[in-house]
Amino acid sequence: MFLVFYAILAMFLFLAISAYKAYEYTKMPMHGRLDLYPVPKEKGHEHGGSYYEQAEWWAKPHETSTASEIVDMLKEILFIKKLFQNQKSLWWLSYSLHLGIYFIFAWTVILAAAAATQLAGGTVAADGGLWGALLYYATPLVGWIGFFLASFGAISLLVRRVADPILKKYTTPQEYFNLLLLFVVTLTGILVWSADITMSNARDAMANVLSFQPLNDDPLLTIHIILAGIMLIYIPISKMSHYVGKFFSFHMVIWDNDPNLAGSKVEEKIKQAAQYKPQNKWSAPHIAGAPAPTEKAPK
């Protein structure tokens, strides 16, 4: 029963910590505005323009398109657009990892739906009707694509960071650990679920978790669940939690160009930010160093 409660706790902490980080982002003070263009929500973003091009723009309503902003944001979140534009060779490896993770999350949802259907008395099989057959075939299709893509992406990025002398200079020990953890979790997943190509064993395990029934005592399954739990708890408190911050970095930082007009919310935020006081003192020698030497008078 330990593994069941451990798995539930890990999933809960993953969601709870991620939600808490998102909440913290919404409460952050206003960033240092740069007004970088083009901004996708602006009407003139196609040619790199903005509302500043309009005569007496301050006297006109600021018209934006939320749909245009979301579309451009999804290009980055779902397809890592900027990496593709600037580093195509690295994009293939990175996107393999990210796409594999997307598939694994989708697989988890499908697995939970299949397990719930099974617990409710439904049949999840090739001859289980439209819903049962859909879950039966979607589970291995989505699952195997996800596990193989993620494992390939993790190990290839790890090798790339070790072998590339330039990239190696900018790689921290934490990044090596992150990739190694992702690879080990996906590899053990492949090994433990490969006993049944249809992944019926994974569906049964999910059904046991949802119904608070003990899992089988397979050592490999135990290792996989423990590692997966560590990964779920670790991701939202590590650098890999950028999935939470991407929306805010675009919506509230890069593309935040609402005009600072008298009586506006932007003005209110700026006045509030001006009241903040530093919590720490400068300690760098070039900030609080010794006074400049005086010039000696000529003899």
- With everything on Cα atoms, drop me the angle between helix 129-163 and the longest principal axis of the chain, reported from 0 to 90° to the nearest 10. 50
- Return a whole-number percent for the relative contact order of the chain, with Cα pairs under 8 Å and 6 or more residues apart as the contact set. 27
- Local electrostatic count at LYS88 - Lys and Arg +1, Asp and Glu -1, tallied over other residues with Cβ under 14 Å: +3
- Could you work out the per residue convex hull volume over the alpha carbons of the range 1-127, in cubic angstrom? 234
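Please arrange ARG161, ARG33 by how many other C-beta atoms lie within 10 Å of their C-beta, fewest to most. Display every interim value, and only then the final one.
Details: ARG161 18, ARG33 13.
Placing the least packed residue first, the sequence is ARG33, ARG161.
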- Query: Taking R0 as 41 Å, what's the FRET efficiency between LYS168 and PHE5 from their Cβ-Cβ distance, rounded to 0.05?
  - Reply: 0.50
- Only helices counted: for the chain, with every DSSP H run of 4 or more residues adding -39500 (n - 2.57) and the sum spread over all residues, [θ] at 222 nm is -20500 deg cm²/dmol
- Taking the Cα atoms only, what angle lies between the long axis of helix 88-119 and the longest principal axis of the chain, rounded to 10 degrees? 50
- C-alpha long axis of helix 200-210 to longest principal axis of the chain, angle in °: 70
- Message: At q = 0.26 Å⁻¹, what log₁₀ I(q)/I(0) does the range 129-194 have when each alpha carbon counts as one equal point scatterer in the Debye sum?
- Response: -1.03
- With Cα springs under 10 Å, the Gaussian network model of the chain assigns the largest mean-square fluctuation among PRO165, PRO236, PRO29 to PRO165
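So for the chain, Kirkwood radius off the Cα pairs, Stokes-Einstein at 10 °C and 1.306 mPa s: how many µm² s⁻¹? Walk me through the intermediate numbers first.
On the way: Rh = 23.5 Å.
Translational diffusion coefficient: 68 µm²/s.
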- Item | LYS75 paired with GLN87, simple spin-label distance in nm, labels 7 Å along Cα-to-beta-carbon | 2.0
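Within a 10 angstrom radius of the beta carbon, how do GLU69, GLU63 rank from fewest other beta carbons to most? Kindly include the intermediate steps, with their values, before the conclusion.
Working: GLU69 18, GLU63 10.
The most exposed by this proxy come first: GLU63, GLU69.
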- Rounded to the nearest 0.05, what FRET efficiency is calculated for THR66 and ASP217 with R0 set to 51 Å and r the Cβ-Cβ distance? 0.45
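Every number in this text was worked out from the coordinates using simple rules, so none of it is lab data. All figures in this text were calculated on a predicted structure; none of them were measured in a lab. Here Cβ is always computed from backbone atoms with ideal geometry, including for glycine, and neighbour counts include all displayed protein chains.
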